[in-house]
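Working notes, structure below.
Values in this text are rule-based calculations from the coordinates and carry no lab data. All figures in this text were calculated on a predicted structure; none of them were measured in a lab. Note that we place each Cβ from the backbone using ideal geometry, even for glycine, and neighbour counts take in every protein chain shown.
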Amino acid sequence: MDTTYYDHGTPAERWERAQLFFGAKDYTAAAHVLGKLVEEVPEQTGPRLLLARAYYHSAQLRRAESELRVIVESDPVEQYARLMLGRTLQRQGRDTEAEPHLRLASALAGDFEEL
């Protein structure tokens, strides 16, 4: 596969291109752009989170899980990453593993169950 188009431009241009692909629901193309971008700027949460979402929506659940675990390891209170990790684990039938992440995501969002 020729990846020249996916890799062309500045990081900002590629970030914008990835968002356009994602918005158009072309999750595989978005992941192509974002994969290289995440390699270049691994410390930035935004591209990695969008990459995880692209993987999730294209049913690449193990890859989504891997990216989400990197995020929650570096930022344990990243609420959306926790939520996505929980949902990704659920979608793989791993409900027991998902539960703590979903509870924490709810708590971080301020959604506390009545006692």
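With bins 10 Å wide beginning at 0, the percent of Cα pairs of the chain falling in each bin runs 15, 42, 30, 11, 2, 0.
In this label model, residue 99 and residue 16 are separated by 4.7 nm, measuring between points 7 Å along each Cα→Cβ vector.
Axis of helix 79-91 versus longest Cα principal axis of the chain: the two differ by about 90°, to the nearest ten degrees. Helix 27-40 and the long axis of the chain differ in direction by around 90°, with both axes built from C-alpha atoms. In the chain, the longest principal axis of the Cα atoms and the axis of helix 61-74 are about 70 degrees apart. Here the simple spin-label model places points 7 Å from the Cα toward Cβ, and for residue 25 and residue 109 these points are separated by 2.2 nm. Remark on the range 61-115: Rg and Dmax equal 10.9, 37 Å (Cα only).
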